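Right, one structure below, let's go through it.
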Amino acid sequence: MSSVDSVMKHTTSENNNVFVDLGFEKQEAAKLIIKSQLMIHIRKWIKENNLRQEEAAGILHVNRPRVSDVMTGKVGKFTIDALVDMLECADLRVSVSVK
């Protein structure tokens, strides 16, 4: 039998923002969750279109290291504006919902 640990050690709190759970202030955590969601959509678009990073960079009007930063989830290197611009270059539209 496998010795894999299958006991749940942590779940995200009711606010559903892992960044709050990690100790970020509420305002910063809200920005980080938005950035991470935008980055997920960019990564998904790159993978679905089977693009190499260099190809994606050309379409998104950024350099290849910026694409690499998206692919590796380096949230702190981006502004929300920059991510929205990249999504627009990919013909993906961003909409906002406030609760």
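Throughout, read-outs are computed from the coordinates displayed, never taken from laboratory work. Just so you know, these numbers come straight off a predicted model, no measurement behind them. Because the Cβ atoms are built from the backbone with ideal geometry, glycine has one as well, and the counts that use them run over all protein chains shown.
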Quiz item: Quick one: if the Förster radius is 30 Å, what FRET efficiency do Lys44 and Asp21 give, using the C-beta to C-beta distance and rounding to 0.05?
Solution: 0.80
Self-check item: Dipole magnitude of region 18-89 about its Cα centre (Cβ charges: Lys, Arg +1; Asp, Glu -1), debye to nearest 20
Solution: 180 debye
Exercise. Any chance you could run the full-extension gain for Lys77 through Ile34? It's 0.36 nm times the residue separation minus the Cα-Cα distance, nm to one decimal.
Key: 14.1 nm
Practice problem: Could you give me the radius of gyration and the Dmax of region 18-89, taking only the C-alpha atoms into account and expressing both in angstrom? | Solution: 12.6, 37
Quiz item: Short version: ³J(HN,Hα) in whole Hz for each residue of region 78-94, in order, from phi by Karplus 6.51 cos²θ - 1.76 cosθ + 1.60 (θ = phi - 60°), x for Gly and Pro, what are they?
Solution: 10, 9, 4, 4, 4, 5, 5, 4, 5, 5, 4, 4, 8, 6, 10, 9, 9
Quiz item: Can you give me the relative contact order of region 18-89 as a percent, contacts being Cα pairs under 8 Å and 6 or more apart?
Solution: 37 percent
